[in-house]
Amino acid sequence: MLVLGRICTSEVLARLGELANDSIKAINGEYADRYLSLFNVHSTEALEKVQLARIKALSMLSPRAWAKTHLKLHRKNPIYIYYFDRIMPGDNAGAFHSSELWYVFGTINRCWRPLNGRDFELSKIMSSYWTNFAKNGNPNGTSVPVWPAFTDKTPLTLRLSEKSIDAIDMSDTSYLNEMTELLIEEVYKNL
């Protein structure tokens, strides 16, 4: 059993401007031009948008690549993928790295940000998912929305947001498919 996830929408990182170009080249190496072409970028002005798109794509790509690799290795255990995109109020940092931990561990009442009732509901649900997974190897239970397992045939990811909790079908997201394959190629090349 495996739970994988990422945080989506780190706007602060997207504001790196020209550093975005260096970042894309450093991270993607020989694939940088191919990567940029996926986002149809041909000018410096668009780099901030590319960086934000990159962050959002990586938020989905990394766990997806792990899951596909796990499936390729013929593991039979279920895989559950989530992405958390609750933009916490306060300093406009977006949904940032580790922001979901307040929710998972049910400690948002200790958070200094101006949270609302939906945050407490989301925390209760997320805490239940993680508790169920720790107990049973399955995040699902009677008091939470269904979290479908990720498979080759149903590549579903659970989105946890302020407005909804819903499963998203990632099978028709062509740039994620191509980026996933690029990442898997790179991983296998370096084994």
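The values are calculated or read from the model by the stated rules, or taken from the named source; none is laboratory data. The shown structure was predicted, so the numbers you read here are calculated from the model rather than taken from an experiment. FYI the Cβ positions are ideal-geometry reconstructions off the backbone, even for glycines, and counts take in every protein chain you see.
Key figures
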read-out: Residues that are surrounded by fewer than 17 Cβ atoms within 10 Å (Cβ to Cβ) and out of contact with any Ser or Thr (no Cβ under 6 Å at 6 or more places or on another chain), drawn from the range 105-117; value: 105, 107, 109, 110, 111, 112, 113, 114, 116, 117
read-out: Residues satisfying the stated conditions in the range 145-155, i.e. more than 18 Å from residue 76 (Cβ to Cβ) and buried (at least 17 other Cβ atoms within 10 Å of the Cβ); value: 147
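Residue-by-condition table, conditions (1) polar (S, T, N, Q); (2) at pLDDT 80 or above; (3) surrounded by fewer than 13 Cβ atoms within 10 Å (Cβ to Cβ):
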{"site": "119", "(1), (2), (3)": "no, yes, no"}
{"site": "130", "(1), (2), (3)": "no, yes, no"}
{"site": "136", "(1), (2), (3)": "yes, yes, yes"}
{"site": "167", "(1), (2), (3)": "no, yes, no"}
{"site": "177", "(1), (2), (3)": "yes, no, no"}
